[in-house]
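A short write-up of the structure that comes next.
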Amino acid sequence: MSTRLPKGGRLIDRTKPLNFTFNGRRMQGYQGDTLASALLGADQMLLGRSFKYHRPRGLVASGAEEPNALVGLGTGSRFEPNQRVTTTELFEGASAASQNHWPSLEFDVGAINNTFGRFLPGGFYYKTFMFPRFAWKHVFEPVIRQSAGLGKVPQDRDADRYEYAYGFADLVVVGGGVAGLAAALQAGKEGKRVLLIEQTAHWGGRAPVDGVEIDGRPAEDWVKATVEALGKMANVTLRTRTMASGLYDHGYLLAYERIGDHTPGDGRPRHRLWRIRAGHVVTATGAIERPLSFAGNDIPGVMLAGAVRDYVVNWAVSPGDRTVVVTNNDDAYRTALALTEAGLIVAAVVDARASVTGALPDAVRAKGIRVLEGRGIAKVKGTKRVTGVSICAQAGEGAEIEEIDCDAIAMSGGWSPVVHLWSHCGGKLIWDDARAMFRPDAAKPPTGDDGMSMVTAVGSANGALTADEVLADVAKQMGGKAAKTNSVAEAALEPVWIMPQGAGPQLKMKMWLDYQNDVKVSDVQLAAREGYHSVEHTKRYTTLGMATDQGKLSNINGLAVLSDALSQAIPQTGTTTFRPPYTPISMGAIAGEARGDIFQPLRKTPMDEWHGANGAYFEPVGLWRRTYCYQRPGEGVHEAVNREILNAREKVGMLDASTLGKLIVKGPDAGRFLDMLYTGVMSTLPVGKCRYGLMCNENGFLSDDGVVVRLSEDTWLCHTTSGGADRIHGWMEDWLQCEWWDWKVYTANVTEEYAQIAVAGPNARKVLEKLGGMDVSAEGLPAMEWREGVLGGCRARVYRISFSGELSYEIAVPASEGLALWKALIAAGEEFGVMPYGTEAMHIMRAEKGFIMIGDETDGTVIPQDLNLNWAISKKKADYLGKRAQERSHMASPDRWKLVGLETLDGSVLPDGVYAVADGVNANGQRNVQGRVTSTYYSPTLKKGIAMGLVKHGPDRMGEVIDFPADGGKVFKAKIVDQVFYDKEGAKQNV
Amino acid sequence: MSITRAMKRYSAFAIAREAMSYHQNWEEAWRSPAPKPKYDVVIVGAGGHGLATAYYLGKNYGITNVAVIEKGWLGGGNTGRNTTIIRSNYLQDPSAAIYEKARSLFEDLSQDLNYNVMFSPRGLLMLAQTHHEVRGYRRTVYANNLQGVATEWIEPKRVKELVPIINLDGPRYPVLGALYQARGGTARHDAVAWGYARACSAMGMDIIQQCEVTGIRSEGGKVVGVNTTKGAIDCGKLGLVAAGHSSVLADMAGFRLPIESLALQALVSEPIKPCMDVVVMANTVHGYMSQSDKGEMVIGGGTDGFNNYTQRGSFHHVEETVRALIETFPMISRLKMLRQWGGIVDMTGDRSPILSKTPVENLFVNCGWGTGGFKAIPGSGWAMAELMARGHSPLTEEFSMYRFREGKFIDESVAAGVAH
């Protein structure tokens, strides 16, 4: 069984017991435990079920590479599925539950898949479940989906908060083992701005577990002293519980800090995602031990040798009473020694190498432990827990030589450097035959924007194996002098990709490569046999390395098996692509604080509060919130809109037009620039006047419109649509920075600097006159002109422009004065019957007047000529953006759909977006069409439905009736009419 | 048709039979032959589109002396790195025609190829979150009904029934309804490439992987062959189906294509038990999500704002997309991102593909599928095969590369507001 040892445990504090539950059972651990060590200390080896066969799963590893031990952690709004217990620090009251089983962990019906495992080889689902046709969606897929998946689905809204932060450093050292500490120390001494991050809560990495001595003192002491020295350096920042998750172009490094995972509910953010601009990155990320592939290597109790050592030394937990160590290298002998030291029994060391000599094996032999040379494990006995092993010759086919009782197996197939960060951004790997590992190829590093290397791999991450090698490598690459260690010579490892060498298909079907996804040696060989030769094909066909550990344990073993099956060298097979993140990071951390009300900034106008207090029904317009209409008590939305329109038409209305885009364009070349941007001529616009303008993209399509105002000799103000301001500003800058960089033009987006109010209606002038301060008479301020002055005590710029067809003034004041002016206008307008109106009334009034709306009449496929806007296109200009495009044959075709007005014969309202059909079908069997509705409303002014639409040859077909089929077989018959429904002569606005 | 007679059929019985010999006797899904000196047709690019083109050349026109040449491994481009969404709710007629052709072929593809591509018509929703979007999707429904594409407008209540984990009342962009295509869904992307490859190989076609085209030979304005890293190969007709790299190939043939290449970002979460049985796209907030059969939430976002070929994931879009989706599906906040990646999408000026003759006789091009190519694979192959075999196809008529010269765009900016 697994137990807590009576003494030892360098990371736990036995004076601080912590209570927690697993599947509802109360258990106890200590401060400093991980959930993994606490569970193991409570003899809980069985922790979950595998993905496909629902086989029993226990701990394999002690760190980020753990594939099996995932639990649902927490409850309610703090529940999280798939939490890796090896990287979960224990806390008081933790509540964990195992996953992927029904009805219970001990007895799982899904394990029937295991019984029939022989019929479910890799990729079996591609070969079956095809008949009957409907059955995939309705029978097979639901069953597979229910069986797959891992964790339960969180039900509640996340109770935690997250934040993000930005970091800058000359050097980011990733990994706080001895290599990282030594590298940071050297860089710190050189005065560099250093950030050292470590994913666990502890400094020092493996060295203290491995009994390393540095400069004659235990690694533990050296680590402590080095951390202290680093802590005293003002230029060095240390951060634990922070995992470098991904490296992106130009040294953009993401780091995931788990601030509050071990202190849930304490009010601190749970995670913090660091976006770091790193001058250079040092990866001191260590190495991960590889499993060995023998039959039954997935049975709970089979663990990595290094992990067994970790549990014994760090947390004083024995994985088993009686352990067999199986290895192809010397390092695993340290585990035998550590177990013996802790008073536990090592039944034997099974070494695949034919002859084993050297300091570590000798030390083990000296403890009286049997070392079986040239031996392997034929198979592991047991189902939910190891009960013994059958020993065979490694060179043979698996005939049993002897059986050894044991309840734990510590295996080691060698070590693989952690090369993820190196590889994320294009660093290449090289296969080191002697060490049987892929390590960073220093000749092909990831490069930054200057084309120079942006990453240096040091220590075990660079392929070093012993402490001596690690520190020498750091000194070599970072400078300084390497400290001396107590490293002993270790014999070379012998690559062992399957055990025994000559195992037949029956054994290979029990050799697990990917524990979580249930991918076995036989599956990879099957993929190779079936032609899935690329490592990517094999991965995808078998799901090797696609589990939540992303193949940290399985990839190298898998591609070695694949290489063998294809009779090619491992480097020829290559690796799959390393993708961020290194270990999974929470979605919450990615979103940071941008959630709920502040998910996207809500832009409000200066008068927003007044609208809210006066019945506003808001709608989102881009990032803005605008008032759709102002509802009175008991009034519906449509009634409100109709009331607002009639009031504006008969008396006077007020619109908050502050969201209208306002871009200043200034400079000696501003006029020339605007002449290129707009289809009309803006350079000749006199100061004091306004002109309507259209903007097209390079393809000739209409992209925005608005009134351009000339403020002074070299300054124009361009109004854009509310949703278009940022886009058009970007568009201007795009041309100025990329194409016309030598033109002297400056732009500024001043949208938010001004509040703007439209006062429209027959009484508009009276309201402004009552406010007083400016001459707003027909002579003093003619249509399409503007004046500056003081209106009702506010500094104002008044434009005589109309989007409603009424006598209309738009008044711009500094944003800070917007609310005051709005209130002043409401008060002044009271006697003239003023009412505010919202965006929908604005839309309908413009449609009554036949004005187009960007986004309604346009959809990215419409050119100004389609909208009968030729009058706004200069015939004289040599060029403007979109001109050449508009001259192309299809653009100039007379068959293009053109804008017209539409009126149903019965006065009803045409549905939005309906199409007018023509006779017959096209070559693809689609019904022919001849037009569509672009805007359609009930007009309270005209007391009937009105619409605008694009119709083939429309302007030549006035009076013709065309059919618009709509929902439920209903066909609307509409007459083609002029697009201007109201006040064609403009008598109302020109007064 | 019995074109797949040459291969051993896959079935539950076959699996049981092979299990008796521990699966030691499965044959190769496709052969890996050396190239012959000459083929009737050479297709460059063994992604979904190239393989489907070859397959329908054989199946529909009996042209089987075909080689499909691939620079890397088959299915290794965007076929193997997309978010597997299948839909045909496009606005413009030519798009709706080819995507609906593709979608309808997906319905029977597993049976046709004898390879389970796991087409799952689980339904697809495009959320409307502004009044403007409501109008746009209502328009799409009307257009689709006339195009023979079954879509409907559904109200928020029905959205919630279909997607119980959705939050309809987000403070910023409440869900106002959705455009719903009940027979839209997903398929297993790799299986589509593998299934076509297996069927092509069974017809006697050669799929030549790890073979890069280094030159295109033509004589008197007619294409006669390609030079490759595995030697010169002559051909009667040549089809370039190489996505973003098509412009490189076109350059070898002496003409230019209006293609830009951008990285499109995607990610998956760790797997959880089934919680969402439809595909949801939210264009206002730029994100879309479905759940794979493995249980991962498959998430896509936008394209990077700059051209490149790196196939790397970048982070700023991931950030925006995840934020948007947490607003839409609050429960995903406590899931973890397992993996992110980038695919290089080949974009044309109107975001619609090019299936076209070229200035070089007998040389055809199929590219520019941009952010939405996976769903089109069967239709694209079907139409391209027709174009190559017969010289014209009603499905490709409007997708000529010359449309940019004429200004005859097929702009889906309404229907394809974001990457898809």
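How about segment A:223-256: which of its residues are part of a strand (DSSP E or B), away from chain B (no Cβ under 14 Å) and open to solvent by 20 Å² or more (accessible area, probe 1.4 Å)?
Within segment A:223-256, A:237, A:238, A:239 meet the criteria.
Among (1) more than 10 Å from every other protein chain (Cβ to nearest Cβ); (2) charged (D, E, K, R); (3) under 34 Å from the mean Cα position of the chain (by Cα), which single condition is residue A:137 missing?
It is condition (1) that residue A:137 fails.
Can you report the number of residues in segment A:141-164 which are touching a helix residue (DSSP H, G or I) at 6+ places or on another chain (Cβ under 7 Å), more than 7 Å from every other protein chain (Cβ to nearest Cβ) and not polar (S, T, N, Q)?
Counting residues in segment A:141-164 that are touching a helix residue (DSSP H, G or I) at 6+ places or on another chain (Cβ under 7 Å), more than 7 Å from every other protein chain (Cβ to nearest Cβ) and not polar (S, T, N, Q) gives 4.
Does residue A:722 satisfy the condition of being among the hydroxyl-bearing types (Ser, Thr, Tyr), surrounded by fewer than 19 Cβ atoms within 10 Å (Cβ to Cβ) and at negative phi?
no
Between a residue in segment B:324-335 that is within 17 Å of residue B:301 (Cα to Cα) and aromatic (Phe, Trp, Tyr) and any residue that is modelled with pLDDT of 95 or more and open to solvent by less than 10 Å² (accessible area, probe 1.4 Å), which pairs come within a Cβ distance under 7 Å, given they are 6 or more apart or on different chains?
Filtered contacts from segment B:324-335: B:329/B:166; B:329/B:289.
Residue under question is residue A:879, and the condition is that it be touching a residue at least 40 places away in the same chain (Cβ under 8 Å), within 14 Å of another protein chain (Cβ to nearest Cβ), more than 27 Å from residue A:622 (Cα to Cα) and open to solvent by 40 Å² or more (accessible area, probe 1.4 Å); does it hold?
So residue A:879 fails the test.
Output the residues belonging to segment A:75-123 that are among the hydroxyl-bearing types (Ser, Thr, Tyr) and outside any helix (DSSP H, G or I).
A:75, A:88, A:95, A:98, A:104
Do we have any residue at all in segment A:947-954 that's at positive phi, over 44 Å from the mean Cα position of the chain (by Cα), more than 13 Å from chain B (Cβ to nearest Cβ) and part of a loop (DSSP other than H, G, I, E, B)?
yes
Which one of the conditions (1) assigned to a strand (DSSP E or B); (2) facing chain A (nearest Cβ under 10 Å); (3) of a type outside the set (Val, Ile, Thr) does residue B:274 fail to meet, given that it meets all the rest?
The number of the failed condition is (1).
Taking residue A:772 and the conditions (1) of a type outside the set (Val, Ile, Thr); (2) closer than 24 Å to residue A:629 by Cβ; (3) surrounded by fewer than 16 Cβ atoms within 10 Å (Cβ to Cβ), which numbered condition does it fall short on, given that it satisfies the others?
Result: residue A:772 passes all but (2).
Which count do you get for residues in segment A:534-571 that are over 18 Å from residue B:338 (Cβ atoms), open to solvent by less than 10 Å² (accessible area, probe 1.4 Å) and within 12 Å of another protein chain (Cβ to nearest Cβ)?
Residues meeting the conditions: 3.
Yes or no, residue by residue, for (1) over 28 Å from residue A:248 (Cβ atoms); (2) modelled with pLDDT under 95:
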| site | (1), (2) |
| --- | --- |
| B:341 | no, yes |
| B:353 | yes, no |
| B:383 | yes, no |
| B:398 | yes, no |
| B:404 | yes, yes |
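Can you tell me which residue within segment A:892-921, out of those that are among the polar types (S, T, N, Q) and surrounded by fewer than 17 Cβ atoms within 10 Å (Cβ to Cβ), is nearest to residue A:978 (Cα to Cα)?
Here the answer is A:908.
Looking at segment A:946-991, which of its residues are surrounded by 17 or more Cβ atoms within 10 Å (Cβ to Cβ) and farther than 21 Å from residue A:857 by Cβ?
A:965, A:988
Take the conditions within 23 Å of residue A:63 (Cα to Cα) and not assigned by TED's automatic domain parsing to the domain that holds residue A:69 and apply them to residue A:332. Does it pass?
Considered against the rule, which asks whether it is within 23 Å of residue A:63 (Cα to Cα) and not assigned by TED's automatic domain parsing to the domain that holds residue A:69, residue A:332 comes out as yes.
For segment A:791-799, state whether one or more residues are in the same structural domain as residue A:708 (by TED's automatic domain parsing), open to solvent by less than 10 Å² (accessible area, probe 1.4 Å) and either assigned to a helix (DSSP H, G or I) or in contact (Cβ under 8 Å) with a residue 40 or more places away in the chain (or both).
The answer is yes; a qualifying residue exists.
Please go through segment B:6-25 and pick out each residue that is in a helix (DSSP H, G or I), open to solvent by 40 Å² or more (accessible area, probe 1.4 Å) and more than 7 Å from chain A (Cβ to nearest Cβ).
Matches in segment B:6-25: B:6, B:13, B:17, B:20.
Give the residue, chosen from B:323, B:339, that is closer than 18 Å to residue A:148 by Cβ, more than 19 Å from the chain's Cα centre (by Cα) and within 11 Å of chain A (Cβ to nearest Cβ).
Only one candidate qualifies: B:339.
What strands (runs of 3 or more DSSP E), lying completely within segment A:335-439, carry at least 3 residues that are in contact with an Asp or Glu (Cβ under 6 Å, 6 or more places away or on another chain) and more than 19 Å from residue A:306 (Cα to Cα)?
A:386-393
Any residue at all in segment A:410-432 that's over 30 Å from residue A:579 (Cβ atoms) and surrounded by 24 or more Cβ atoms within 10 Å (Cβ to Cβ)?
Within segment A:410-432 (the criterion being over 30 Å from residue A:579 (Cβ atoms) and surrounded by 24 or more Cβ atoms within 10 Å (Cβ to Cβ)), the answer is yes, since at least one residue qualifies.
With the structure loaded, tell me whether residue B:70 is within 22 Å of residue B:224 (Cα to Cα) and within 14 Å of chain A (Cβ to nearest Cβ) or whether it fails that test.
yes
Tell me which residues, restricted to segment B:342-359, are under 19 Å from the mean Cα position of the chain (by Cα), open to solvent by 10 Å² or more (accessible area, probe 1.4 Å) and more than 7 Å from chain A (Cβ to nearest Cβ).
B:344, B:347, B:351
Pull up segment B:258-283, narrow it to residues that are in contact with a helix residue (DSSP H, G or I) (Cβ under 6 Å, 6 or more places away or on another chain) and open to solvent by 20 Å² or more (accessible area, probe 1.4 Å), then point me to the one that is nearest to residue B:121 (Cα to Cα).
Result: B:274.
Before we move on, is residue A:858 surrounded by 18 or more Cβ atoms within 10 Å (Cβ to Cβ), of a type in the set (Val, Ile, Thr) and at pLDDT below 95?
Answer is yes for this residue.
Would you say residue A:724 is touching an Asp or Glu at 6+ places or on another chain (Cβ under 6 Å), in a helix (DSSP H, G or I) and under 30 Å from residue A:776 (Cβ atoms)?
Taking the combined requirement at face value, the residue satisfies it.
Applying the selection to segment A:577-618, what residues are within 11 Å of chain B (Cβ to nearest Cβ), in contact (Cβ under 8 Å) with a residue 40 or more places away in the chain and open to solvent by less than 20 Å² (accessible area, probe 1.4 Å)?
A:580, A:581, A:583, A:584, A:585, A:586, A:588, A:589, A:590, A:591, A:592
Pick from A:295, A:307, A:332, A:316: which is within 24 Å of residue B:336 (Cβ to Cβ), open to solvent by less than 20 Å² (accessible area, probe 1.4 Å) and either within 14 Å of chain B (Cβ to nearest Cβ) or modelled with pLDDT of 95 or more (or both)?
A:307
Return yes or no: is residue A:141 of a type in the set (D, E, K, R) and surrounded by fewer than 19 Cβ atoms within 10 Å (Cβ to Cβ)?
Criteria not met by residue A:141.
The values are calculated or read from the model by the stated rules, or taken from the named source; none is laboratory data. Please read these numbers as outputs of a predicted model, since none were measured by experiment. Neighbour counts are summed over all protein chains in view; Cβ atoms, including those assigned to glycine, are modelled from backbone coordinates with ideal geometry. Ligands, DNA and RNA are stripped out before the accessible areas are found, and what is left, the full protein with its side chains, is counted by its heavy atoms. Shrake-Rupley method; radii C 1.70, N 1.55, O 1.52, S 1.80 Å.
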